[in-house]
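Report on one structure; see the data block that follows.
The values are calculated or read from the model by the stated rules, or taken from the named source; none is laboratory data. If you're wondering where the values come from, they're calculated on a predicted model, not measured in any experiment. Because the Cβ atoms are built from the backbone with ideal geometry, glycine has one as well, and the counts that use them run over all protein chains shown.
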Amino acid sequence: MKYKIAIFDLDGTILNTLEDLADSVNYCLEKFNMPKRTQNEIRGFLGGGIRKLIEQSAPRGTDSKVLDEMFDLFNQYYKDHCAIKSRPYEGICEVLEKLKAENIKICVVSNKADYAVKILCEKYFKNLLDYCAGEKEGIPKKPDPKSVYLAVENFGFKTKETVYIGDSEVDFKTAQNAGTGCILVSWGFRDIEFLKTLGAKIVNEPAGILAELLKQNP
């Protein structure tokens, strides 16, 4: 069956956002006199949205009201600092261009705050995406499939005509819950040995995404 839509996760899949996220988290931790986190620690916390990132980065037992304040501060800071060090993974833009040439709709669906998704997609993937959406009030975060359904319905297609491409167990479960195809990338925010335990198709370079989709699109 020919895939008509390729839906990508953002962080760790098409865009390396780790440094800006780590800098923003540590800015908040420092402001609240809390120990900073290493990039590797923060890498393991990513995938569940900003609120979960803050909860995991703060010391265990931090009061919920303090977490609320940290969450607000993070969003204020990150909005102005989300595109300082972030960069597309090498070869990703070329893959998106080739998929576009194949008339495949290209989307981003992320647990990242919608404001940041819009900023980053506009800066790094302008004219390459047909749709992008981040976390919004009233729409449950991945792995709930609602955000994927909204993207697919936007074009009037079906989930069986869709492939979801990500870098984590959250993305794998999202694809399962939505009933789409799934590809996981090994260069993102989860170790490949962990990804192998999920049983999904794994690619080791951006060109592998194109190869897999063209294999499905003879």
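For (1) on the phi > 0 side of the Ramachandran plot; (2) at pLDDT 95 or above; (3) not assigned by TED's automatic domain parsing to the domain that holds residue 173, each residue gets a yes or a no:
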residue	(1), (2), (3)
74	no, yes, yes
93	no, yes, no
109	no, yes, no
113	no, no, no
116	no, yes, no
In the stretch 171-200, the residues that are over 17 Å from residue 6 (Cα atoms) and not in a loop (DSSP other than H, G, I, E, B): 192, 193, 194, 195, 196
Whichever residue in the stretch 77-91 is farther than 14 Å from residue 119 by Cα and not charged (D, E, K, R) and, among such residues, is nearest to the chain's Cα centre (by Cα): 89
Number of positions in the stretch 134-162 that are part of a loop (DSSP other than H, G, I, E, B) and in contact with a Lys or Arg (Cβ under 8 Å, 6 or more places away or on another chain): 6
Residue match in the stretch 122-136 (condition: within 16 Å of residue 12 (Cβ to Cβ), in contact with a Ser or Thr (Cβ under 6 Å, 6 or more places away or on another chain) and among the small types (Gly, Ala, Ser)): yes
Test: residue in the stretch 97-115 that is aromatic (Phe, Trp, Tyr) and buried (at least 16 other Cβ atoms within 10 Å of the Cβ): no
Any chance residue 48 is in contact (Cβ under 8 Å) with a residue 24 or more places away in the chain, surrounded by fewer than 18 Cβ atoms within 10 Å (Cβ to Cβ) and in contact with a strand residue (DSSP E or B) (Cβ under 9 Å, 6 or more places away or on another chain): yes
Scope the stretch 164-208; condition more than 19 Å from residue 91 (Cβ to Cβ) and hydroxyl-bearing (Ser, Thr, Tyr); matching residues: 164, 168, 174, 180, 197
Residue that is surrounded by the most Cβ atoms within 10 Å (Cβ to Cβ), among those in the stretch 71-96 that are touching a residue at least 24 places away in the same chain (Cβ under 8 Å), assigned to a helix (DSSP H, G or I) and out of contact with any Ser or Thr (no Cβ under 8 Å at 6 or more places or on another chain): 95
